[in-house]
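What follows is a short report on a single structure.
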Amino acid sequence: MQYTATPYGWLLPGKTRVEPRTKELTHDMATSPDPAPQATDLISGGHLVAKALKAEGVDVIYTLCGGHIIDIYDGCVEEGIKVIDVRHEQVAAHAADGHARITGTAGCAVVTAGPGTTDAVTGVANAFRAESPMLLIGGQGALSQHKMGSLQDLPHVDMMAPITKFAATVPGTERAADLVSMAFRECYNGAPGPSFLEIPRDVLDAKVPVEKARIPKAGGYRASTRQGGDPEAIEKLADLLVNAEKPCILLGSQLWTTRGTDAAIDMVRTLNVPAYMNGAGRGTLPPGDPHHFQLSRRYAFNNADVIVIVGTPFDFRMGYGRRLSPDATVVQIDLDYRTVGKNRDIDLGIVGDAGLVLSAVAQAASGRVDNGARGRKSWLEELRAEETKAYDKRLPLLNSTANPIHPYRLVNEINRFLTEDSIYIGDGGDIVTFSGQVVQPKSPGHWMDPGPLGTLGVGVPFVMAAKQARPDKEVVALFGDGAFSLTGWDFETLVRFDLPFVGIVGNNSSMNQIRYGQAAKYGKDRDRVGNTLGDVRYSEFAKMLGGYGEEVRDPADIRPALERARESGKPSLINVWIDPDVYAPGTMNQTMYK
Ligand SMILES: Cc1ncc(C[n+]2csc(CCOP(=O)(O)OP(=O)(O)O)c2C)c(N)n1
């Protein structure tokens, strides 16, 4: 093919449009009177980034635009990667985190330099504490203007380093794809987490001969990091569980991260072990399963002789490990060696992939457990009796007809509304603490909460990521009115991208979880400082943005309103007015308020 050189690029035969930026005028061609068609293909940094994203399997990026990053968008067009543009960079980062949780593969957010990147910090921090793999790409001022005071220049890498597994600058256009793949590789080092790359504007926009750039191919730049655990330790754990009289197991978020659901189910059945679940581990066993327990956890931890903690740290949610019987043999399994034995001594630690370890334990124990043995059976019966007692105690509140609506009634209605295909998301304070006790996802991987950073505002972005990644699923989200307000404008993005969901606002016109602490510490006459919200009709907000909305004040109207939201096929908000003067037991027991 013959090309004609123009000052702006190359003109293809038969075309009037200049093809810019794709061919380089080589010395020979420029000087030869009859240039041979030896043009060199050029590729820009943004297009290299998109190629590396594609190789990693990224099919969508979450972003808010800026001049520093538009070449990545152009590359995404080329590679067929969907671009979802949101209204706040925090939303983009949370959505990338949410994508990783739902799909098991790293999510990606792309934001501009300076305030674009600082806005995304909370989302990255949340993914860091929740061990969620994602890549944040941030713009940066041109390298040629380094430290000259260019627009939005900030030390992004220094800021991101403590909350990522890897943070770096792309030093030259040729390295753009290579560094993206390196950043993804680091996301899976031990317990997963986020990576950050900043790309200076001139590095991103420049074009280099394609053969000078490393463009890693799918599957060509990283290996599985799954570790099966020390075989000797696995044998020991199998022995412990075979001989235990009152064992129990807690299945934490890493069980879902490692997609160890089947292995865990097989293990608890083989060894007849009662299982509790937290975080993303919820739903591993469905409610009603003989090994599924929820309300008797404290009793089990006080009375068990062997306690196995899988993929969840001894952090504040676990009372730093102090709530386990001092007489129990404690075993901890985790992807991260730094988590094992942290905050309390353990009797046996195993570093490894939850699914691989549990299936090896089941295999090592198989044929050695007498599931009909009376001792183990009576332990399960004892726990079931505790569950029933706790449930019966709460039953009147779950069915309360009080007006204003009792939060227990609201979360009970939501629990009953969920199907096996409903992904449940909680974003709020006290109302979400209520829901944590009552709402039970019916399938594995169908529960999303912020995780240990406790970040309000994850709800709308998690809805976005969940519905985008799994359009076949129903997404149901419960918000506190305070939490919804943080990222609520991106409800509009859900409308724009046709991502329907059933949203519920538990509206108490307050930041009630904090209000409780103020009342407890400073007295009821001083519990209204800095926590009061207006009486907002969020259903109207939803309708204004093109969604579906209803107001609910009578408990009997909750279910029909939820059904209509489901039927509407739109993003929806059912605004339920709940009693502001009752608090969840979990809120009242928070140690910081004691
Ligand atoms: C980003 C962020 N800011 C502040 C907090 C502190 N905080 C925890 S719970 C809470 C109240 C949330 O209010 P709302 O969502 O309305 O739920 P409610 O407690 O009223 O049920 C606040 C402000 C937080 N967790 N995250």
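The values are calculated or read from the model by the stated rules, or taken from the named source; none is laboratory data. Computed from a predicted model, the values in this text were never measured in an experiment. Counting neighbours? That spans all protein chains shown, and the Cβs are built from the backbone with ideal geometry, glycine included. Surface areas here come from the heavy atoms of the whole protein model, side chains and all, with no ligands, DNA or RNA. Shrake-Rupley method; radii C 1.70, N 1.55, O 1.52, S 1.80 Å.
Brief remarks follow.
- Filter result for T122 (within 16 Å of the ligand (Cβ to nearest atom), open to solvent by 10 Å² or more (accessible area, probe 1.4 Å) and hydroxyl-bearing (S, T, Y)): yes
- In segment 425-456, the residues that are over 23 Å from D581 (Cα atoms) and either within 14 Å of the ligand (Cβ to nearest atom) or touching a helix residue (DSSP H, G or I) at 6+ places or on another chain (Cβ under 8 Å) (or both): I425, Q440, P444, G445, W447, M448, D449, P450, G451, P452, L453, T455
- Taking first residues from segment 347-362 that are over 10 Å from A263 (Cα atoms) and partners that are assigned to a helix (DSSP H, G or I) and open to solvent by 20 Å² or more (accessible area, probe 1.4 Å), the Cβ contacts under 6 Å between residues at least 6 apart in sequence or on separate chains come to L348/K236.
- Only residues that are closer than 19 Å to M160 by Cα and assigned to a strand (DSSP E or B) were counted in segment 54-96, giving 3.
Yes/no matrix, rows are residues, columns are (1) within 30 Å of V439 (Cα to Cα); (2) at pLDDT 95 or above; (3) touching a Phe, Trp or Tyr at 6+ places or on another chain (Cβ under 6 Å):
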{"site": "R297", "(1), (2), (3)": "yes, yes, yes"}
{"site": "V308", "(1), (2), (3)": "yes, yes, no"}
{"site": "F316", "(1), (2), (3)": "yes, no, no"}
{"site": "A360", "(1), (2), (3)": "no, yes, no"}
{"site": "A364", "(1), (2), (3)": "no, yes, no"}
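- A residue that is touching a residue at least 24 places away in the same chain (Cβ under 8 Å) and near the ligand (Cβ under 9 Å from one of its atoms) occurs somewhere in segment 407-414.
- Every condition in (1) open to solvent by 50 Å² or more (accessible area, probe 1.4 Å); (2) closer than 16 Å to A95 by Cβ is met by Y522 except one, and the failing one is (2).
- Inside segment 280-295, residues that are open to solvent by 20 Å² or more (accessible area, probe 1.4 Å), within 16 Å of D421 (Cα to Cα) and in contact with a Phe, Trp or Tyr (Cβ under 7 Å, 6 or more places away or on another chain) make up a count of 2.
- Flag if E245 is over 21 Å from the mean Cα position of the chain (by Cα) and either assigned to a helix (DSSP H, G or I) or surrounded by fewer than 20 Cβ atoms within 10 Å (Cβ to Cβ) (or both): yes
- Members of segment 568-593 found to be β-branched (V, I, T) and more than 16 Å from L398 (Cα to Cα), listed by number: I574, T587, T591
- Hey, S510 farther than 20 Å from T455 by Cα, crowded, with 18+ Cβ neighbours inside 10 Å and touching a residue at least 12 places away in the same chain (Cβ under 8 Å) or not: no
- Positions within segment 561-574 being of a type in the set (S, T, Y) and either more than 18 Å from D490 (Cβ to Cβ) or surrounded by fewer than 23 Cβ atoms within 10 Å (Cβ to Cβ) (or both), in sequence order: S568
- Those helices (runs of 4 or more DSSP H) lying entirely in segment 479-594 with at least 3 residues more than 14 Å from the ligand (Cβ to nearest atom) and in contact with a strand residue (DSSP E or B) (Cβ under 7 Å, 6 or more places away or on another chain): 491-496, 538-544, 558-568
- Each residue in segment 264-295 was checked for being modelled with pLDDT of 95 or more and outside any loop (DSSP other than H, G, I, E, B), and 12 of them qualify.
- The set of residues in segment 467-478 that are under 16 Å from the mean Cα position of the chain (by Cα) and either of a type in the set (D, E) or more than 16 Å from the ligand (Cβ to nearest atom) (or both) comprises K467, Q468, A469, R470, V475, V476.
- Residue in segment 299-312 that is open to solvent by less than 60 Å² (accessible area, probe 1.4 Å), of a type in the set (S, T, N, Q) and outside any helix (DSSP H, G or I) present: yes
- Breaking point among (1) in a loop (DSSP other than H, G, I, E, B); (2) at negative phi, for G341: (2)
- Yes/no for D74 being open to solvent by 20 Å² or more (accessible area, probe 1.4 Å), among the acidic types (D, E), out of contact with any helix residue (DSSP H, G or I) (no Cβ under 9 Å at 6 or more places or on another chain) and free of Cβ contacts under 8 Å to residues at least 40 places away in the same chain: no
- When restricted to residues that are out of contact with any helix residue (DSSP H, G or I) (no Cβ under 6 Å at 6 or more places or on another chain), surrounded by fewer than 23 Cβ atoms within 10 Å (Cβ to Cβ) and closer than 19 Å to V495 by Cβ, segment 537-560 contains 5.
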